[in-house]
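Contents: one structure, followed by commentary.
The values are calculated or read from the model by the stated rules, or taken from the named source; none is laboratory data. Given the structure is predicted, the values throughout are model-derived calculations rather than measurements. Reconstructed Cβ throughout: ideal geometry from the backbone, glycine too, with neighbour counts over all protein chains shown.
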Amino acid sequence: MQVVSVNVGLPREVIWKGMTVQTGMFKDPVDGPVAISKLNLADDRQADLTVHGGAEKAVYAYPAEHYKYWRKRLPDVPFSWGKFGENLTTRGLTEDAICVGDRLRVGSAVLMVTQPRMPCYKLALRFDRDDMIKLFLSSQRSGFYFSVIEQGEVRAGSEVEILSRDPHRVSVVDILRLYLGQARDPELIHRAMNVSALPQNWKAELSLRARTGPA
């Protein structure tokens, strides 16, 4: 398991549907070591801190393996690492194998998996496609967020090591399927509610959907 690319970017203004929008979705690969702090990578920021960033979403990772799927699904779209706004493009880590609460050493930093990525309209902006959010969610290729347990440095080629597994064994894709209503498993929901790393807003949403079904 390793980091294929480290991608950073500062918020920029872009025109979307006739409006000027601030977005940090545009990330570019960088060479050399990049510091990981509690809230960001060096030279990386989020535009709207009410819904992006924060300690529970400090670092966003996306599997390099998914790029093959997207190149086939969207043949007219140019792809390069960081296209999905990810800080880390990884190899060997997928949503079905990584669980919320797992702790990993990434370069010299220690990170903990916290949640899947829920896309907003800025993903549609990045791809210039109104259907991109629907495509992204239905693909179950969400990537995942990390909180930072120990600050450190990472670079392209850094090794990734799993240090510990959360005992409840609720994968990132398990959370996504519960959210989308593709799994109605009381035992799985019970385990998810006991994962300390899963943010409270996710637990509240999953509890609601368990009672009422998907929105």
Looking for whichever is on the phi < 0 side of the Ramachandran plot and exposed (fewer than 15 other Cβ atoms within 10 Å of the Cβ) here; the options are Leu123, Leu163, Leu135. Which one fits? Leu163
Scope the stretch 166-195; condition surrounded by fewer than 18 Cβ atoms within 10 Å (Cβ to Cβ) and modelled with pLDDT of 95 or more; matching residues: Pro167, Arg169
Please go through the stretch 6-22 and pick out each residue that is polar (S, T, N, Q) and more than 16 Å from Val59 (Cα to Cα). Thr20, Gln22
Leu123 vs. criteria of a type outside the set (Ser, Thr, Tyr) and assigned to a helix (DSSP H, G or I): yes
Of the criteria (1) in a strand (DSSP E or B); (2) touching a helix residue (DSSP H, G or I) at 6+ places or on another chain (Cβ under 6 Å); (3) more than 30 Å from Pro78 (Cα to Cα), which one Val110 fails: (2)
Going by the conditions given, is Phe79 within 19 Å of the chain's Cα centre (by Cα), without any contact (Cβ under 8 Å) to a residue 60 or more places away in the chain, assigned to a loop (DSSP other than H, G, I, E, B) and within 26 Å of Ser139 (Cβ to Cβ)? yes
The stretch 54-95 - residue that is acidic (Asp, Glu) and at pLDDT below 95 and, of those, surrounded by the fewest Cβ atoms within 10 Å (Cβ to Cβ): Asp76
Selection over the stretch 129-150 where residues are touching a residue at least 60 places away in the same chain (Cβ under 8 Å) and more than 16 Å from Leu74 (Cβ to Cβ) yields a count of 6
Which of the residues belonging to the stretch 116-168 are polar (S, T, N, Q), under 27 Å from Pro33 (Cα atoms) and out of contact with any Pro (no Cβ under 6 Å at 6 or more places or on another chain)? Ser147, Gln151, Ser158, Ser164
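So, in the stretch 27-53, how many residues would count as being buried (at least 17 other Cβ atoms within 10 Å of the Cβ), farther than 23 Å from Asn201 by Cα and either β-branched (Val, Ile, Thr) or modelled with pLDDT of 90 or more (or both)?
Number satisfying all stated conditions: 5.
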Taking the stretch 1-22 and keeping residues modelled with pLDDT of 85 or more, in a strand (DSSP E or B) and either under 18 Å from Val160 (Cα atoms) or touching a Pro at 6+ places or on another chain (Cβ under 8 Å) (or both) leaves Gln2, Val3, Val4, Ser5, Val6, Asn7
Going through (1) modelled with pLDDT of 90 or more; (2) outside any loop (DSSP other than H, G, I, E, B) one by one, Arg211 fails only at (1)
Out of the residues in the stretch 170-187 that are under 13 Å from Val100 (Cα atoms) and not β-branched (Val, Ile, Thr), state the one that is nearest to the chain's Cα centre (by Cα). Leu176
